[in-house]
Each structure stands twice: as C-alpha cells, then as structure tokens.
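Reviewing the structure listed below.
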Amino acid sequence: MRSVHSRQQAQPGGQPKPRRSLLLAGLGAFAVALGLYAIYTAIHPKSFTLNPVDLAVYRSGGLIVRHIRPLYDPRLAAPLYDWIGYGKLHLPFTYTPFAAIAFAVISFVPWWLSQQLSVTVNIIALLAALWFTLGGLGYRKDQTRLAVTLLGAAAVFWTEPVLRTIYLGQVNLVLMALIIWDLCQPDTRPDTGKSRWWKGFGTGIAAGIKLVPLIFIPYLLLARKFRQAAMACAGFAFTVLLGFVILPSDSSTWWFGGLFVQGGRTGFTGWAGNQSLNGLITRLAGSVNSAKPAWIAAAVLVGVAGVIGAALLDRKGYPVPGLLMAALTGLLVSPVSWDHHWVWIAPGALVAAHYAVKAWQRHARTAVPARGGLGGLPPRASIALGILAAGVVAWFGAWPARLFTARLNLGHDSLGLLWIPRNSSPVSYQRYGDRRWFAEYHWHGLALVAGNAYVLAGLALFGLLGALALLLPYPDEEHADEPGATTKGSMRERLRLPSA
C-alpha cells in the first residue's frame, strides 16, 4: 500500500485533476455567450448579424470552377480573375486558384443552407482552434481541457474579429484551426510512437488558400523543424500544381501575371479595415503610392525580426507563443490584414490566461518570499499576464456600432474600436481611385489611435514577445526548481515563465 506520507504524483502535462465544477463553469459560460448571440440574431434583422458577402464570393469562385453560367464566361482569358465580381461592390475573387477549387465543394450546397452552415462551422472552428492550442500547451484530452476550451471560447466569442468572420462568412477561423492542429500536435503518436511525418502539410494547404501562412515556413526553418518546413512547402506546392492542372489559364494569370502581389485588388489599402503595417503607413503617408517604400522597409524589418523571435521562443521551450508570434508577424507584414483576419487574438488571449494561471499556481505552491516566485519568477507576473489576457479581449471586443460612427457603411453588426473615427466608403476607391480627401488621410489625435487600434496592439504584442524571445533562457540554462534553489541570477533567469 502507498504510504499516506507520499506525495500525490502530478498528472502528465502538469494538469491538475479534472474538476466537474470547472467543466460546469465552462459549459455555463459558453452557453451564455452562445445564447446571447442567438437572442441577438432573433431580435435583430438579418443585416445586423449576417451579411456573408465573402461566402458569396467563395461560392461564386466555386461555380466558375464548375463552369456554371452566367458566372462562368468561356470567352474570358481567365474566367476566374476576369469575372466582374459579386454584388454592387463588384467584389472580385482575390484568392488562389486552389482556393476556388476547394470552394467548388461548398457551391453544391444551396445558398440558404450554406449561410447557416457557415455560422455553425465557424463556431466549431473557434472551439477546435482553442482545443488544439491547449494541446500544444500540454493539456491532456480530459475534462479540464474541455472546460478551459469552453471558458476561453466564451471569453473571445464576442470579440470583433470573431464576430466579423461569422458575419461575412469568412474562412479565417477554419484556416487558423487547421494551422494550429497541424503544428501543435505531438511529433509522434502517444499510443503507437509512430512519427507524424506529414506534420506541416496542413499549413502548406492553408497557405495555398491564403498566402499569409507562408510566414510559418521560415519560422519552422529557423526553429530547426526542417521536416515540418519541408512538408509545408510540399503542401503548398501541391496546391499550386493542382491549380495548374484544373485551372491552367487562371493559374498562369495569378502566378505569372503577378496578381498574387497586387494588394490593391482587394480594395483600398488605406481603408480603416486594413489593420496591417501597410494600412497604417498608407494612412500616415496620405496616399497609396507614397507609402510603398516605407512599407516595404518596415515589412522586411518586422518580418525578419518576427520569424527570428518566433523561432527563439520555440527553441527555448515555448512553441505555442512562438507559433503565435509567427502568426502575428504575418498579420503585420501582409499587404492587407482586414479586421477579421485578427482572429489569432483568440488563442493569444487563451495562452496569456494559461500562463497567468500557471504563474499563480507555481507561486502558491512555494514558500519563496513574496518578492520572488518559483525560480525567480515575480508573483506579480500572474497579475500582469491576467491583465494582458483581459486587455486583449476588451481591446478587440465587439461593441455596439451606434457608439462609433454616424455614417455606417459596414452593415449593422457589432464593431470594434477601429471604427470609432469616420472612414471612407469602400465604393469610393473603386469609383475614383486613391484620393487625398479620403477620411483616413485626415485622422488626428485619438482618431489615429482608435483607427489603427489592431495594428498598434499588434505592434505592442510584437515587442513583448520579442523581448521575451531575447530574455528567456534556453532550457539548459535554467536552475533547478527545488524550494531551496537560489532566486538570484541574471535577468533572463528572473523572467523565466512557467512551463506549459
């Protein structure tokens, strides 16, 4: 018999014994968040909760691939990219040929049904992304992981990027879930020990739909995950080759005609909705063309620093923060990062909350004086990380649109802080081209802060993650965590975060 004096062994992954109360809290919180959304949709017209123009563009691209007329016009050299576009805004198909091939699947679903399925799939994708994130942090497949997933989903559901993705019928949450699933799963199967040799291929597929996930390839290379980088390249190459096989003329136009580098095809890059470095610099410069040199320089600098910092975090034992820094780098350096592209804040807030709880738990279990936590970690780190998690949710929160602008041109859904100042109508750029009188070029004071809310927050998080990448020690530099271990040491030792 085990001695009553022996200490209870910790469960694998450092997770506490699952508690039914925590699961009930998670179920209740997520039910409240989802119930409020259901009530909101029931008491408001459809224009307040759903305007799936992006889903319509996806579906139209799929119908063109299937040669369904009148969308498909055989007289055009590139039927997919010479298409006049959807709706009054004439929204063009701006994605890769492979994306259109993938969207051909959803074009078989009736339009009325696909709208409802899009909402359901996006909610499931949010839950899946958080579940896979917790797996990367070391959580087992148990009630605790499910409870934390539900609590996290309840907290981030009412953020603007998440609701905006649902509102437009976008694929951001699906692609994010695919990437996190692909890169956060263990290298080997725990039950058989067999290698997941295909790990990274899913990231390449995601990059074949939207090019921004290509940022993960240099990150994987610098993190010395060469096989995963190779598989990501293979997945991306597969999407390109498949596009040439099924859509040869459109693929030639897209890749050899340079459409993939023309950010302006998606709309006005200086518009408030573009929360990338390019959008920020364009608004400050006062024109699209004058911003290009500064944006290219900034994108190169941030891109190089970002992938290096992400790789450092990974090599120092923090793969999930490293993955999130790589994603953040992609958002910043992309020519266009619409507000709904910032769904990566959802796992980001969850990871900050995870480390806040871990820091609190580790300090609570030790007898180290209040001025220093376990291994030199200050106890106030848990408070700072908790504030960071709550701050991300609040900063990216979805607030009632009527609080912001008197002239709505974005529908009636809940909006974020960046819509406080006036913005130009997307139609204006299509009609007149770039004009000095666009509202974004005349922001001042707080309008500059609110109108660039996401990219400014992204730069702040980028600086924080970069500092941690430099200051955190490598695993072999850490001191033992016994209660009697000294808390004196370098700054890098004192800033060590609790492991996942």
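So which residues in segment 425-463 are free of Cβ contacts under 8 Å to residues at least 12 places away in the same chain and farther than 18 Å from L415 by Cα?
R431, Y432, G433, R435, W437, H442, H444, G445, A460, G463
Need a quick list: helices (runs of 4 or more DSSP H) entirely within segment 215-298 having at least 1 residues that are of a type in the set (S, T, Y), over 20 Å from the mean Cα position of the chain (by Cα) and closer than 25 Å to P74 by Cβ.
So the answer is 226-246, 248-251.
Select from segment 319-329 the residues that are within 14 Å of L464 (Cα to Cα) and of a type outside the set (A, V, I, L, M, F, W, C) and list them in ascending order.
Correct list: P321, G322, T329.
Within segment 133-184, count every residue that is touching a Lys or Arg at 6+ places or on another chain (Cβ under 9 Å) and in a helix (DSSP H, G or I).
Here the count works out to 9.
Are any residues in segment 146-163 open to solvent by 10 Å² or more (accessible area, probe 1.4 Å) and in contact with a strand residue (DSSP E or B) (Cβ under 8 Å, 6 or more places away or on another chain), and if so, which ones?
Passing the criteria: only W158.
Quick grid of which residues meet (1) open to solvent by less than 30 Å² (accessible area, probe 1.4 Å); (2) under 19 Å from L418 (Cβ atoms):
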residue: Q275; (1), (2): yes, yes
residue: R283; (1), (2): yes, yes
residue: P293; (1), (2): no, no
residue: I296; (1), (2): no, no
residue: A299; (1), (2): yes, no
residue: G303; (1), (2): yes, no
residue: A310; (1), (2): yes, no
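Given (1) touching a helix residue (DSSP H, G or I) at 6+ places or on another chain (Cβ under 6 Å); (2) within 20 Å of V304 (Cα to Cα), where does M231 come up short, assuming only one miss?
(2)
Restricting attention to segment 286-299, does a residue exist that is in contact with a helix residue (DSSP H, G or I) (Cβ under 7 Å, 6 or more places away or on another chain), within 30 Å of D434 (Cβ to Cβ) and not small (G, A, S)?
yes
For the list (1) small (G, A, S); (2) surrounded by fewer than 23 Cβ atoms within 10 Å (Cβ to Cβ); (3) in a helix (DSSP H, G or I), I need the number of the one condition that G322 fails.
Tallying (1) small (G, A, S); (2) surrounded by fewer than 23 Cβ atoms within 10 Å (Cβ to Cβ); (3) in a helix (DSSP H, G or I), G322 fails exactly one: (2).
Please state which of the following conditions G386 fails to meet, knowing it meets all the rest: (1) at pLDDT 95 or above; (2) surrounded by fewer than 24 Cβ atoms within 10 Å (Cβ to Cβ).
For G386, the exception is condition (1).
Kindly provide the set of residues from segment 60-75 that are open to solvent by 30 Å² or more (accessible area, probe 1.4 Å) and either of a type in the set (A, V, I, L, M, F, W, C) or in contact (Cβ under 8 Å) with a residue 24 or more places away in the chain (or both), ordered by number.
R66, I68, L71 - these are the residues of segment 60-75 that are open to solvent by 30 Å² or more (accessible area, probe 1.4 Å) and either of a type in the set (A, V, I, L, M, F, W, C) or in contact (Cβ under 8 Å) with a residue 24 or more places away in the chain (or both).
Out of the residues in segment 19-59 meeting the condition of being in a helix (DSSP H, G or I) and among the polar types (S, T, N, Q), tell me which one is surrounded by the fewest Cβ atoms within 10 Å (Cβ to Cβ).
Ranking the candidates gives S21 first.
Quick one: in segment 60-95, of everything that is part of a loop (DSSP other than H, G, I, E, B) and of a type in the set (F, W, Y), which residue is farthest from Y429 (Cα to Cα)?
Ranking the qualifying residues of segment 60-95, first place goes to Y72.
Hey, can you tell me all the residues within segment 196-223 that are more than 24 Å from S337 (Cα to Cα) and open to solvent by less than 50 Å² (accessible area, probe 1.4 Å)?
R196, K199, A223
Would you check if there is a residue in segment 180-189 being within 21 Å of P319 (Cα to Cα) and open to solvent by less than 10 Å² (accessible area, probe 1.4 Å)?
The answer is yes; a qualifying residue exists.
Can you pull out the residues in segment 117-135 that are more than 25 Å from A394 (Cα to Cα) and buried (at least 22 other Cβ atoms within 10 Å of the Cβ)?
Once the filter is applied, which keeps residues that are more than 25 Å from A394 (Cα to Cα) and buried (at least 22 other Cβ atoms within 10 Å of the Cβ), segment 117-135 yields only S118.
Please go through segment 92-116 and pick out each residue that is open to solvent by 20 Å² or more (accessible area, probe 1.4 Å) and either within 12 Å of V174 (Cβ to Cβ) or among the hydroxyl-bearing types (S, T, Y) (or both).
Correct list: T94, Y95, A102, I106.
The values are calculated or read from the model by the stated rules, or taken from the named source; none is laboratory data. It should be emphasised that the depicted structure is a prediction, and the values quoted were computed from it without experimental measurement. Ideal geometry is used to build each Cβ from the backbone, glycine not excepted, and the neighbour counts take in all protein chains shown. Ligands, DNA and RNA are stripped out before the accessible areas are found, and what is left, the full protein with its side chains, is counted by its heavy atoms. Shrake-Rupley method; radii C 1.70, N 1.55, O 1.52, S 1.80 Å.
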